Amino acid sequence: MKRFKNLIIQSYLLKVIDVSDLDSNYFQALNNSDHMRWSRQRSMNHDFDTTQTYINDLKIHGEFIGVYNQRSSKLIGTITLRVRGRSAQLGFLVFPQFANRGTLSIILPHLKKELHTSYDFKYLYIGTKIQNVGMKRVAEKSGFTKVSIANLDDSLIPFISLDDEIIHYLSKKA
């Protein structure tokens, strides 16, 4: 995969960040996110740090993209981009103090277009909890289509959760 280049979308700057640049507040937010709670529940019978496992996987198979407010230069959230071949899974975390301000509604359509065109991804995948009404709305508004697991391409299998509480969204390059 080509390294993700800085991208400016309206008043936001997206740039790759190194995990070592993140402070403990970020890891606390990550540990408290829906994704990590769900992952922790799935790994109850295993003896490992889910957050660290997730981050290690990301270092090998993807990138950590910081979302910064361009005016204040504050990190307001992150996007994870996990890659397998020409497929990628997108994950999002907007810090609570910046949530519900339309950040993802602004960023996601532009990011989707950039990833399909400049990086040549065939499939982009988002999985979200059924209860996450906001993410479902943003995914659909950004052109992602709700799909069943049976209709997903094999290259997406590493990303897929068979959890019945997850809704799967896909964007396929035209």
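The values are calculated or read from the model by the stated rules, or taken from the named source; none is laboratory data. In this text, all values refer to a predicted model and were calculated from it rather than measured experimentally. Every residue, glycine among them, receives a Cβ derived from its backbone with ideal geometry; neighbour counts consider all protein chains shown.
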**Request:** Return only the number of the condition from (1) modelled with pLDDT of 65 or more; (2) in contact with a Phe, Trp or Tyr (Cβ under 9 Å, 6 or more places away or on another chain); (3) over 30 Å from Lys173 (Cβ atoms) that Thr51 does not satisfy.
**Result:** (1)
**Message:** Quick check on segment 112-127. Is at least one of its residues outside any loop (DSSP other than H, G, I, E, B), in contact with a Leu (Cβ under 8 Å, 6 or more places away or on another chain) and either over 15 Å from Leu170 (Cβ atoms) or among the acidic types (Asp, Glu) (or both)?
**Reply:** yes
**Prompt:** Can we say Leu108 is assigned to a helix (DSSP H, G or I) and at pLDDT 85 or above?
**Reply:** yes
**Asked** Identify, please: which residue in segment 128-150 is in a loop (DSSP other than H, G, I, E, B) and either hydroxyl-bearing (Ser, Thr, Tyr) or over 12 Å from Leu170 (Cβ atoms) (or both) and is, among those, farthest from the chain's Cα centre (by Cα)?
**Response** Ser148
